[in-house]
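Here the structure is laid out as structure tokens; the discussion comes afterwards.
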2 protein chains.
Amino acid sequence: VRIDSVDFFYLAMPVVTDEGDGSQDALLVRVTSGGHFGWGECEASPLVSIAAFVTPMSHGACRPVSAAVLGKDVSTPEDIALIAAEIGWNSMDLLQAPHTWSGVEMALWDLLGRARGEPVWRMLGYQRAEPKTPYASALFGDEPQVTLQRGLAARQAGFRAAKFGWGPIGRGTVADDANQFFAAREGLGPDGILLIDAGQIWGQDIEAAAARLPALEQVAAVWLEEPFGGEAVGAYRALSARSPVVRLAGGEASHNEAMAYRLMDDGGIGFVQIDCGRVGGIGPAYKIAQHAEASGITYVNHTFTSHLALSASIQPFAGLVKHEICEYPFAPKPLARDLTTTRMVPDASGHITAPDAPGLGLEISGETVERYLVDAEIKVGGKTIYSSPKF
Amino acid sequence: VRIDSVDFFYLAMPVVTDEGDGSQDALLVRVTSGGHFGWGECEASPLVSIAAFVTPMSHGACRPVSAAVLGKDVSTPEDIALIAAEIGWNSMDLLQAPHTWSGVEMALWDLLGRARGEPVWRMLGYQRAEPKTPYASALFGDEPQVTLQRGLAARQAGFRAAKFGWGPIGRGTVADDANQFFAAREGLGPDGILLIDAGQIWGQDIEAAAARLPALEQVAAVWLEEPFGGEAVGAYRALSARSPVVRLAGGEASHNEAMAYRLMDDGGIGFVQIDCGRVGGIGPAYKIAQHAEASGITYVNHTFTSHLALSASIQPFAGLVKHEICEYPFAPKPLARDLTTTRMVPDASGHITAPDAPGLGLEISGETVERYLVDAEIKVGGKTIYSSPKF
């Protein structure tokens, strides 16, 4: 079944601010093939990712992503992996390519699953989709009191697990940070699963990060996320060795398998966080999840946009019992919230489970797409190579 | 002096083919500030890199490159590094950003050098520009006889050093490859500096690469370039340990300093190849060159386009005596050949030297820009956010 079309829908809120909220825009991908269709979502700059699909070729190793996709025959997951390999080779010099391909890859899995009437997780070989404990992501408040309130709010919204990140952490004293950690614990309650995200604030400064460990141990934080830049593998390794209780988490920026393996194998992390919309889609994410399982590392999805992205991000580790925590878009913008007609809502016990339905198991709301669609157009040499498609 | 404008000129040959020749198109950057100007060149997909400069913001960590550049005050090299740091932080989730920024960074160095009347290499702290031995890059022929002829041609064109790459290498038997290596040596002559580029053909297969080492030693190849994918650091390390004579070369795809350091520190390479148009420009390339010097590794530029890119790529190691080999665009397409009004031609002894002239020391040909300029336009929300500028 040949790929007939790949459409990119660039959605955005009427106003996009510089807050750290990735749900302010979205790049939705629709693939059609032989009467079937599938949906995916890039976790990436929409316009730049579209350009990487439609751009003219620069040379043999800098071809647009479209060159490896359009007209290809996709009947099995192996066919998807073959396209990925071709992009790795022929778009080697196109840096943005993995971000673009990730959404297309997801859509191909969705399409195959719909065509076969099977959920993606079953196509990956899992017997069942295990319940996951969603965590709510919140920013630290400027004052500990605000952080405490946000912890209470997460708990009241039904979340046993919550992650607090960014904001003032690392910008003041060690004691300031400790007060924030205590506030988060107090808000979330003694039995809550508390996760801390440093947002790369310490760059490569191991001592600055290590100074926060005693307070993190005291509040029983489960992980310390991204103390350093994603490339600072040596710093990860050094801090990991000094933090046997509070394990490190990282990997969200991985745009290929190797980046994730490096943090796992050389960085000593305890939790690997993978965004399917960046890493090249579901296939590579699944392999990373298997490597995590084999290495005693816990796999966690990185998702801060729609429930389409959430479903895609859970598939790779849907059947892994011990990998229980999952990131959950807590308060996304309306465009992300309303992108799907149904959502993965926590059950009575507070768990979510990957849909037991064909493909990714969710339908896209045409009304939402139309409401937030950004009118974009790219012309090269007088020819229009991209214009916003119709739903 | 505030940055007033950044203009991107997308140039392309009338026909672009899938051959591995990166000089078929170009992305030229002009920066103006307070009556001064400077030129740079991205080694990247032009349209995608332009999009990364002009795209609307997605969120606080996915801002366009322009957000950190336009209106900034640039009076010293430190100001350039500050912008780079801001992009690293605020465009963290925009994968293409380093490729875009690289050309802008170069242009800022050129601008500062012109404003001060100093060559960039002197601004980097070098006392003089050392002569470099340029090597001609050629593809292996389909038959060894063709390779031999290309070796002769390189020698006749005045090049003592030549690199042969890609083509049939790794696709046939070990003996087939040996015949190619012998042919290259025969063509280049016994005293020629022979470099071999495997173009990542062995993926991560250490044994396949190691099987070629005896023939490479026999022909006295100086380096074996990119036996593996750039992320396969473990494979580099393993092969390096087995090849004390023929050292490995790699690093051209590095789009940040950390990628280069990893190949140097963990991969055991003997030659680090850096493209200033990808790695983030001249500043990071200079730091990598210093790290190479301190580590007993030889720094080499990666350049396959214009002499503007060549000058920029030589600046970071211009003053390092022991780092003598430099890549030289041997037979670029007319658009790259004619982009500058003067070129860095080998002297009577066959050496080239970074220009002793302000900035990067070369002027751009308006005629060439106008001849090859691609008419491109990007519209978002009814507003034109990019259209090809006038020279």
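The values are calculated or read from the model by the stated rules, or taken from the named source; none is laboratory data. Computed from a predicted structure; not experimentally measured. Cβ coordinates were reconstructed from backbone atoms using ideal geometry, including for glycine residues, and neighbour counts include every protein chain displayed. With ligands, DNA and RNA removed, areas are computed over all heavy atoms of the protein, side chains included. Shrake-Rupley method; radii C 1.70, N 1.55, O 1.52, S 1.80 Å.
Descriptive notes on the structure:
- Some residue of the range B:256-266 being within 11 Å of chain A (Cβ to nearest Cβ), farther than 18 Å from A:Met92 by Cβ and not in a helix (DSSP H, G or I): yes
- Flag if A:Gly366 is buried (at least 18 other Cβ atoms within 10 Å of the Cβ) and away from every other protein chain (no Cβ under 14 Å): no
- Check on B:Ala26, of a type outside the set (Phe, Trp, Tyr), crowded, with 24+ Cβ neighbours inside 10 Å and either at pLDDT 95 or above or outside any strand (DSSP E or B) (or both): yes
- The range A:216-237, residues that are over 17 Å from B:His255 (Cβ atoms) and open to solvent by less than 30 Å² (accessible area, probe 1.4 Å): A:Leu216, A:Val219, A:Ala221, A:Trp223, A:Leu224, A:Glu225, A:Glu226, A:Pro227, A:Phe228, A:Ala235, A:Tyr236
- Any hit, the range A:123-132, residues being modelled with pLDDT of 95 or more, among the hydroxyl-bearing types (Ser, Thr, Tyr) and in contact with a strand residue (DSSP E or B) (Cβ under 6 Å, 6 or more places away or on another chain): no
- For the residues B:Asp93, B:Asp73, the requirement of being open to solvent by 10 Å² or more (accessible area, probe 1.4 Å), touching a Cys at 6+ places or on another chain (Cβ under 9 Å) and more than 15 Å from B:Pro284 (Cβ to Cβ) singles out B:Asp93.
- Residues that are closer than 17 Å to B:Asp142 by Cα and open to solvent by 80 Å² or more (accessible area, probe 1.4 Å), drawn from the range B:183-195: B:Glu186
- Filtering A:Ser102, A:Ser23, A:Ser45, A:Ser58 for residues that are under 24 Å from B:Asp375 (Cα atoms) and under 23 Å from the mean Cα position of the chain (by Cα) leaves a single hit, A:Ser45.
- Only one entry in B:Gly359, B:Gly350, B:Gly319, B:Gly366 is of a type outside the set (Ser, Thr, Tyr), at pLDDT 95 or above and at positive phi, namely B:Gly359.
- Single match in B:Glu43, B:Glu118 (criterion: away from every other protein chain (no Cβ under 12 Å) and open to solvent by 10 Å² or more (accessible area, probe 1.4 Å)): B:Glu118
- Yes/no for B:Ala68 being crowded, with 24+ Cβ neighbours inside 10 Å, in contact with a Ser or Thr (Cβ under 8 Å, 6 or more places away or on another chain) and more than 8 Å from chain A (Cβ to nearest Cβ): no
- For A:Leu82, the conditions (1) of a type outside the set (Asp, Glu); (2) open to solvent by less than 10 Å² (accessible area, probe 1.4 Å); (3) farther than 14 Å from A:Val31 by Cβ are fulfilled apart from (2).
- Residues of the range B:65-87 that are part of a loop (DSSP other than H, G, I, E, B) and among the hydrophobic types (A, V, I, L, M, F, W, C): B:Val65, B:Leu70, B:Val74.
- The single condition among (1) buried (at least 22 other Cβ atoms within 10 Å of the Cβ); (2) touching a strand residue (DSSP E or B) at 6+ places or on another chain (Cβ under 7 Å) that B:Ser240 does not meet is (1).
- Filtered by the rule that a residue be in a loop (DSSP other than H, G, I, E, B), within 14 Å of B:Pro227 (Cα to Cα) and open to solvent by less than 70 Å² (accessible area, probe 1.4 Å), the range B:158-182 gives B:Gly167, B:Pro168, B:Ile169, B:Gly170.
- Residue within the range B:184-198 that is free of Cβ contacts under 8 Å to residues at least 12 places away in the same chain and of a type outside the set (Ser, Thr, Tyr) present: yes
- Among the candidates B:Arg63, B:Arg2, residue that is open to solvent by 30 Å² or more (accessible area, probe 1.4 Å) and closer than 30 Å to A:Glu231 by Cα: B:Arg63
- Between B:Gly88, B:Gly34, the distinction of being more than 18 Å from B:Gly277 (Cβ to Cβ) and either open to solvent by 30 Å² or more (accessible area, probe 1.4 Å) or within 14 Å of chain A (Cβ to nearest Cβ) (or both) belongs to B:Gly34 only.
- Selected residue (only one of A:Thr342, A:Thr303 is among the polar types (S, T, N, Q) and either open to solvent by 30 Å² or more (accessible area, probe 1.4 Å) or over 20 Å from A:Arg160 (Cα atoms) (or both)): A:Thr342
- Among (1) out of contact with any Lys or Arg (no Cβ under 6 Å at 6 or more places or on another chain); (2) more than 14 Å from chain B (Cβ to nearest Cβ), the one test that A:Ala376 misses: (2)
- Filter result (surrounded by fewer than 17 Cβ atoms within 10 Å (Cβ to Cβ) and assigned to a loop (DSSP other than H, G, I, E, B)) within the range A:132-157: A:Asp142, A:Glu143, A:Ala157
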